[in-house]
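Undergrad: Right, I'll just put the structure down here and ask away after.
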Amino acid sequence: MLFKSKDNYKNKKSLIIYFSRGDENYAVGYIDKGNTEVIAEYIKDLTNADMIKIEPKIPYAKDYDTCIKEAKERQKNHKAFITKEIGDITPYDVIYIGSPVYWSYMPEELVTALKGIDFSNKIIRPFVTHEGSNLGDIPNQIKDICKNATVLDGLAIKGSMVNGSKLKVEEWL
Ligand SMILES: Cc1cc2nc3c(=O)[nH]c(=O)nc-3n(C[C@H](O)[C@H](O)[C@H](O)COP(=O)(O)O)c2cc1C
């Protein structure tokens, strides 16, 4: 189900699924709102999409150094629990999946959330924030996990540059 022009994607029934962590992070210090969440909100503004934030059952530490240890451990063991499942995606045509880049991949909570869902007939548009890795291997990871989806080109924005990047998001949409 590929549409003819980008305008058609923008006007389809859309859902944004994203993970984002505030607190202390690389290059930005302590922030109240995570970088990926800023982009998710731009997309919501521009497309009127519904939004689901994936929340870890065990919150990550507020300080960056402890957080990276926890994140690495959860990715290595493929073990990360979430507070709430995604639920029924049947009504949606286009699904935006938003993630920070953690060593080329998504935080394990997003993997937990996406696993086992049937994405037949769904268009996925990945977006990530990062500090140098660009998209990393996240589009391929999404292709592996999100069974039967059509995964389109992703958008990568530097976490420290999210404020003021709305135009870039609009161009990508
Ligand atoms: C645990 C952890 C691992 C990270 N690994 C990478 C990485 O490998 N490459 C990169 O470019 N940025 C990396 N970053 C930076 C984040 O991808 C970046 O700050 C992102 O914008 C965070 O998004 P968020 O605020 O929505 O959680 C890492 C950050 C954390 C906390």
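Undergrad: Tabulate in residue order the Karplus-calculated ³J(HN,Hα) for the range 69-76, using 6.51 cos²θ - 1.76 cosθ + 1.60 with θ = phi - 60°, rounded to whole Hz; enter x for Gly and Pro.
TA: Working through the residues one at a time gives 5, 4, 5, 4, 4, 5, 5, 4 Hz.
Undergrad: At 0.36 nm per residue, and after removing the present C-alpha to C-alpha distance, how many nm does the segment from Asn134 to Lys115 gain when stretched out fully?
TA: Result for the pair: 4.5 nm of gain on full extension.
Undergrad: So if I place +1 on the C-beta of Lys and Arg and -1 on the C-beta of Asp and Glu, and nothing else carries charge, what would the dipole magnitude of the chain be about its Cα centre? I want it in debye, nearest 20.
TA: With Lys and Arg at +1 and Asp and Glu at -1, about 380 debye.
Undergrad: Also, I was wondering about something else. Tally Lys/Arg at +1 and Asp/Glu at -1 over every other residue whose Cβ is under 9 Å from the Cβ of Pro91; what's the total?
TA: Net local charge, Pro91 excluded: -2.
Undergrad: For Met51, enumerate residues with amide H under 5 Å from its amide H, sequence gap 5+ or separate chain, H modeled in the peptide plane.
TA: Close amide H contacts, sequence-distant or interchain: Ile16.
Undergrad: Something else: Determine the alpha carbon to alpha carbon distance for each of Lys10/Lys115; Lys12/Lys122; Lys10/Lys57; Lys57/Lys79; Lys33/Lys84 and list only those over 22 Å.
TA: Lys10/Lys115; Lys10/Lys57
Undergrad: Show me, for the range 38-46, the HN-Hα J-couplings you get by feeding each phi into the Karplus relation (A = 6.51, B = -1.76, C = 1.60, θ = phi - 60°), rounded to Hz, glycine and proline as x.
TA: After applying 6.51 cos²θ - 1.76 cosθ + 1.60, I find 4, 5, 4, 5, 4, 5, 4, 4, 8 Hz.
Undergrad: Additional query: Would you calculate the separation in nanometres between label points at Glu170 and Lys44, each defined as 7 Å from the Cα along the Cα-to-beta-carbon direction?
TA: 1.9 nm
Undergrad: How about the range 11-84: which chymotrypsin sites (Phe, Trp or Tyr not before Pro) there lie in a loop by DSSP and see at most 13 other Cβ atoms within 10 Å?
TA: Sparse-neighbourhood loop chymotrypsin sites (Phe, Trp or Tyr not before Pro): Phe81.
Undergrad: With contacts defined as alpha carbon pairs under 8 Å and 6 or more residues apart, what's the relative contact order of the range 28-85 in percent?
TA: It comes to 34 percent, rounded to a whole number.
Undergrad: Between Lys13 and Ile89, what is 0.36 nm times their sequence separation minus the Cα-Cα distance? Round to one decimal in nm.
TA: Extra length from Lys13 to Ile89 when fully extended: 26.3 nm.
Undergrad: Taking 2.2 N^0.38 Å as the expected size of a compact globular protein, what ratio does the Cα radius of gyration of the range 37-89 give against it, to two decimals?
TA: 1.43
Undergrad: While we're here: Sorted from largest down, give the three principal axis spans of the alpha carbons of the range 1-86, whole angstrom values.
TA: Principal extents (largest minus smallest coordinate, Cα): 45, 28, 20 Å.
Undergrad: Given only helices, namely DSSP H runs of n ≥ 4 each adding -39500 (n - 2.57), what is the per-residue ellipticity at 222 nm of the chain, to the nearest 500 deg cm²/dmol?
TA: -9000 deg cm²/dmol
Undergrad: If each residue's Cβ is checked for other Cβ atoms within 10 Å, how do Thr90, Thr36 rank with the fewest at the top?
TA: Final ranking by Cβ density, sparse to dense: Thr90, Thr36.
Undergrad: Something else about it: For the chain, restrict the atom set to alpha-carbon positions and state the Rg and Dmax in Å.
TA: For the chain, the Cα radius of gyration and maximum Cα-Cα distance read 15.1, 46 Å.
Undergrad: Using DSSP to define loop residues, name the chymotrypsin sites (Phe, Trp or Tyr not before Pro) in the range 94-173 whose beta-carbon has at most 15 other beta-carbon atoms within 10 Å.
TA: Those that pass, being in a loop and sparsely packed, are Trp103.
Undergrad: Assuming 0.36 nm per residue, please report the length gained on full extension of the stretch Glu55 to Lys72 beyond their Cα-Cα distance.
TA: Gain in length upon complete extension: 4.4 nm.
Undergrad: If the elastic network links every pair of Cα atoms under 10 Å, which of Lys79, Lys158, Lys44 fluctuates the most in the Gaussian network model of the chain?
TA: Of Lys79, Lys158, Lys44, the most mobile in the Gaussian network model is Lys79.
The numbers here are math on the coordinates, done by the rules we state, and not lab data. Here the structure is a predicted model, which means the values were calculated and not measured. Reconstructed Cβ throughout: ideal geometry from the backbone, glycine too, with neighbour counts over all protein chains shown.
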